[in-house]
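Here, each number is a calculation from the coordinates, and none is a lab measurement. Predicted model only: the values in this text are computed from it and were never measured. Positions of Cβ are backbone-derived with ideal geometry, glycine not excepted, and every protein chain shown enters the neighbour counts.
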Amino acid sequence: MKKLFCLFALGCLLVVACNNGNTQSAGQSANNSQEKVDTSLANALTFEEKVHNFGDIHEGEKVEYSFKFTNNGKSPVVIQDAISSCGCTVPEWPKEPIKPGESGFMKVIFDSHGKSGYTEKEISIKTNGSEGYIMGPKIQCNILTK
């Protein structure tokens, strides 16, 4: 039930986020803006590790991990946004374009305050080549209560 609620909340957030970016000038048509999206870039980022398991941590701990990725595409990729289904998980990413063949890191910080038991959080990523969010890396842990 909790996962279903989180998926619903993420879906609502994505709808709002996508609609906020759709403002167009009077001379710009919807078709022109869609044609400029290079969808081959959507899957250009390859993460060396898709899942990182922190193992057992104690409730209240903040843990972080940096996922290394490489642009395996033919054009520069810009990460425009990265989100998690919960405010307890905060991604940080490079703001400058990642050129073909270059690597970078996405740092994920997880705050276990008020949480317990097994937890899994996935990061959703929006790039200059994706019309929506694509699934990125995820973290896992088992939170022990005091």
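Here are some notes:
- Length-normalised contact order of the stretch 41-144 in % [C-alpha pairs under 8 Å, at least 6 apart]: 37
- For the listed residue pairs Lys68/Lys95; Lys74/Lys107; Lys95/Lys115; Lys74/Lys121; Lys68/Lys146; Lys99/Lys121, the alpha carbons are over 26 angstrom apart in Lys95/Lys115; Lys74/Lys121; Lys68/Lys146; Lys99/Lys121.
- Potential lengthening between Gln80 and Glu61 on full extension [0.36 nm per residue; Cα-Cα distance subtracted]: 4.0 nm
- Pairwise FRET efficiency - Thr46 versus Lys146, Cβ, R0 = 41 Å, nearest 0.05: 0.55
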